[in-house]
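These notes are about the structure you will find just below.
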Ligand SMILES: Cc1ncc(C[n+]2csc(CCOP(=O)(O)OP(=O)(O)O)c2C)c(N)n1
């Protein structure tokens, strides 16, 4: 399965979600399909996309939050999984695209290439809904089910280590930041 195809398959469902991605290839791929003001691409802070997603999910329980993480990123901050498990927000779907490499910085292999099981770690951390998928069909079904489940889910999608030729897009971090903040103001929580 290629990550770009996987994101394409679930893209229509992202319209009504708040989406936080890691930097690099996945951010460029999502933007290549179509940027929206409710999408934020977390630059530089590797390993913290799920932490940002957790903060949004807790402060805005009326919104559905989706995080697109990477294996290298979450492996740098495994404590994030224990914090997700502790607060267990029902409105957060945490997708880890596991290409077994640090693709965005040259493709060096990560520990998942030698057997580390991120869904297993997430389950051991206390996240009750976890799954690993390897095909487009199972990914699409698992993602759709996770959105409907109303329970914190860590979904690991094993993907090929391929990405776009360039990761720099014409959307600057500051522009994205102001746009994203404005989205929350324009969609206030209903009492
Ligand atoms: C703390 C920190 N260390 C290193 C980097 C450089 N860096 C940016 S993206 C990346 C690789 C991310 O790997 P992964 O999460 O597996 O995603 P992939 O690039 O494979 O899609 C690295 C090492 C960074 N941004 N922050």
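Coordinate-derived values only; no laboratory data. Quick caveat: nothing in here was measured; it's all calculated off a predicted structure. Cβ atoms come from the backbone with ideal geometry, glycine included; neighbour counts cover every protein chain shown.
Calculate, in nm to one decimal, what residue 177 and residue 35 gain on full extension: separation in residues at 0.36 nm each, minus their alpha carbon distance. Full-extension gain reported as 49.8 nm.
With the helix formula -39500 (n - 2.57) applied to DSSP H stretches of n ≥ 4, the chain reaches a computed 222 nm mean residue ellipticity of -13000 deg cm²/dmol. Shown here is the pair-distance distribution of the chain: with all Cα-Cα distances grouped in 5 Å bins from zero up to the longest one, the shares run 1, 8, 18, 23, 22, 17, 8, 2, 0, 0 percent.
Each residue, residue 2 and residue 162, gets one label point 7 Å from its Cα in the Cβ direction; the gap between the two is 0.4 nm. Let me know the shape class of the stretch 88-191, please: from the alpha-carbon gyration tensor, a ≥ b ≥ c as square roots of the eigenvalues, rounded when a/c is under 1.5, otherwise prolate if a/b is greater than b/c, or oblate. Oblate, since a/c reaches 1.5 and b/c is not below a/b. Here the residues 97, 167, ranked from fewest to most Cβ neighbours within 10 Å of their Cβ, fall in the order 167, 97. Taking 22 Å as R0, compute the FRET efficiency from the Cβ-Cβ separation of residue 113 and residue 137 and round it to 0.05. Computed FRET efficiency for residue 113 and residue 137: 0.35.
Is the C-alpha gyration tensor of the stretch 14-64 telling us rounded, prolate or oblate? Criteria: a/c under 1.5 is rounded; beyond that, a/b larger than b/c is prolate, otherwise oblate. It comes out oblate by the Cα gyration axes. When both bridge partners sit in the stretch 3-186, DSSP labels roughly 5% of those beta bridges antiparallel.
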